[in-house]
Amino acid sequence: MTRRALVLLLATLALTPFARAQMPHDSSGDWAKAKLEQSTRHREYVPIKSGARTLNTLVIYPETKDKAPVVLLIHEIFGLSNWMKLQADELAAEGFIVVVPDLLSGEGTDGGGTDSMGGQDNVVQAIMKLDPAQVLTDLDAVSDYGKSLPSANGKLFVAGFCWGGGKSFSFATHRHDLSAAFVFYGPPPPALDMVAINTPVYGFYGGNDNRIGATIPQTITDMKAAHKFYEPVTYPNAGHGFMRAGQAPDAKPADQQAFSQAFARLLLQLRAHEHSRAHTTSHGQLLLNGPKRTGKPVYASSRPPAAQCHDAAGM
């Protein structure tokens, strides 16, 4: 080790806990930020009122001549990170208006959000303390804003990752104008709440993520009992958070493959539902009519998580 390297190492170790907490918290690092900065799509931060709160919300528009559906993205337990912003931009590139609220708005230093929390551990702890009812109210406010945009066509989707994946599943029990919900490696809501769902729910899970994977069989059972559509897919050998990990420069092959297949599946279903109609029968059975649909009732899959739409099958 050179003398300079030794000095740098000792200086790092000498940092106080407070000083170390001020170091960058976004584990996606500079690669996501650098890729995002290459984008030519219009993006802006909009203050959206949610009761007494004001949510700092990232809005990214597609480059299209037509009105577009709105996708509400719910961030991971890492907050509104560089990677989350990149995901929003990549979905906008596919023709969707994407809205991503910083659900830590007002929780940080001087009323800031994720970027002012002073470290990743602080971000995680703050998110875990958020009131679930407040989160639903915030998501409603951002959804209403997105649908009110002049360039929006009235369709609303929700997708979430990790902690946000669980919140996207919960939002489907609450928000009844959703065209579909996409749950990336998040836990399910209570079975009693599932009866209120009237939109298809698509699950995306890592084969090496048993903490979440272990919940899938019961979720299938509960959604089937409630006569709801639930289609889980598990990607072999992928870990928790494979959407973020699969885009990293040092991505493992399994995570990289899972990201590619999951993103393709997400786009496939978004486009399939963009022009479809959904309604429920008097017995709560979900009926889907429109492109690529038969109009017959569809229920939660009774099959174990497996490959669909492709070859293979947060924190």
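The values are calculated or read from the model by the stated rules, or taken from the named source; none is laboratory data. Remember, predicted model here, so these are calculated numbers, not experimental data. Heads up, the Cβs are rebuilt from the backbone with ideal geometry, glycines too, and the neighbour counts pull from every protein chain shown. The area values use the complete protein model at the heavy-atom level, side chains included, leaving out ligands, DNA and RNA. Shrake-Rupley method; radii C 1.70, N 1.55, O 1.52, S 1.80 Å.
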Inside segment 123-155, the number of residues satisfying the requirement of being closer than 19 Å to MET84 by Cβ and of a type outside the set (D, E, K, R) is 14
Quickly run through segment 180-197 and pick out the residues that are within 19 Å of the chain's Cα centre (by Cα) and either in a loop (DSSP other than H, G, I, E, B) or acidic (Asp, Glu) (or both). TYR185, GLY186, PRO187, PRO188, PRO189, ILE197
Exception for ASP138 within (1) charged (D, E, K, R); (2) under 17 Å from the mean Cα position of the chain (by Cα); (3) modelled with pLDDT under 95 falls at (3)
Could you count how many residues in segment 108-120 are of a type outside the set (Gly, Ala, Ser) and within 20 Å of the chain's Cα centre (by Cα)? 3
SER151 vs. criteria polar (S, T, N, Q) and under 16 Å from ILE212 (Cβ atoms): no
Would you point out the residue of segment 46-62, among those that are outside any loop (DSSP other than H, G, I, E, B) and more than 18 Å from the chain's Cα centre (by Cα), that is surrounded by the most Cβ atoms within 10 Å (Cβ to Cβ)? SER50
Quick one: would you say VAL123 is farther than 29 Å from ALA68 by Cβ, open to solvent by less than 10 Å² (accessible area, probe 1.4 Å) and in a helix (DSSP H, G or I)? yes
Cβ pairs under 6 Å, 6+ apart, first in segment 87-103 and more than 9 Å from VAL71 (Cβ to Cβ) and acidic (Asp, Glu), second modelled with pLDDT of 95 or more and open to solvent by less than 10 Å² (accessible area, probe 1.4 Å): ASP89/ILE60
Give me a count of the residues in segment 216-262 that are open to solvent by 40 Å² or more (accessible area, probe 1.4 Å) and either in a strand (DSSP E or B) or of a type in the set (Val, Ile, Thr) (or both). 1
Over segment 66-84, the set of residues open to solvent by 10 Å² or more (accessible area, probe 1.4 Å) and either in contact with a strand residue (DSSP E or B) (Cβ under 6 Å, 6 or more places away or on another chain) or assigned to a strand (DSSP E or B) (or both) is LYS67
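Within segment 202-213, identify whether any single residue is closer than 30 Å to LYS49 by Cα and open to solvent by 10 Å² or more (accessible area, probe 1.4 Å), and answer yes or no.
No, every residue in segment 202-213 fails to be closer than 30 Å to LYS49 by Cα and open to solvent by 10 Å² or more (accessible area, probe 1.4 Å).
Each row is one residue, and each column tells you yes or no for (1) under 25 Å from LEU139 (Cα atoms); (2) in contact with a Leu (Cβ under 7 Å, 6 or more places away or on another chain); (3) surrounded by fewer than 18 Cβ atoms within 10 Å (Cβ to Cβ); (4) modelled with pLDDT of 90 or more.
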| position | (1), (2), (3), (4) |
| --- | --- |
| ALA5 | no, no, yes, no |
| LEU13 | no, no, yes, no |
| THR40 | no, no, yes, no |
| THR64 | no, no, yes, yes |
| GLU94 | yes, yes, yes, yes |
| LEU103 | yes, yes, no, yes |
| THR109 | yes, no, yes, no |
| ASP115 | yes, no, no, no |
Does GLY165 fit the bill of being in a helix (DSSP H, G or I) and farther than 22 Å from ALA52 by Cβ? yes
Take the conditions touching a Lys or Arg at 6+ places or on another chain (Cβ under 7 Å) and either surrounded by fewer than 24 Cβ atoms within 10 Å (Cβ to Cβ) or under 25 Å from ALA264 (Cβ atoms) (or both) and apply them to SER168. Does it pass? no
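Okay, residues lined up against (1) of a type in the set (Phe, Trp, Tyr); (2) within 19 Å of the chain's Cα centre (by Cα); (3) over 25 Å from PRO69 (Cβ atoms); (4) at pLDDT 95 or above:
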residue: PRO236; (1), (2), (3), (4): no, no, yes, yes
residue: ALA251; (1), (2), (3), (4): no, no, yes, no
residue: ALA254; (1), (2), (3), (4): no, no, yes, yes
residue: GLN257; (1), (2), (3), (4): no, yes, yes, yes
residue: ALA262; (1), (2), (3), (4): no, yes, no, yes
residue: SER276; (1), (2), (3), (4): no, no, no, no
residue: HIS279; (1), (2), (3), (4): no, no, no, no
residue: GLY290; (1), (2), (3), (4): no, no, no, no
residue: LYS296; (1), (2), (3), (4): no, no, no, no
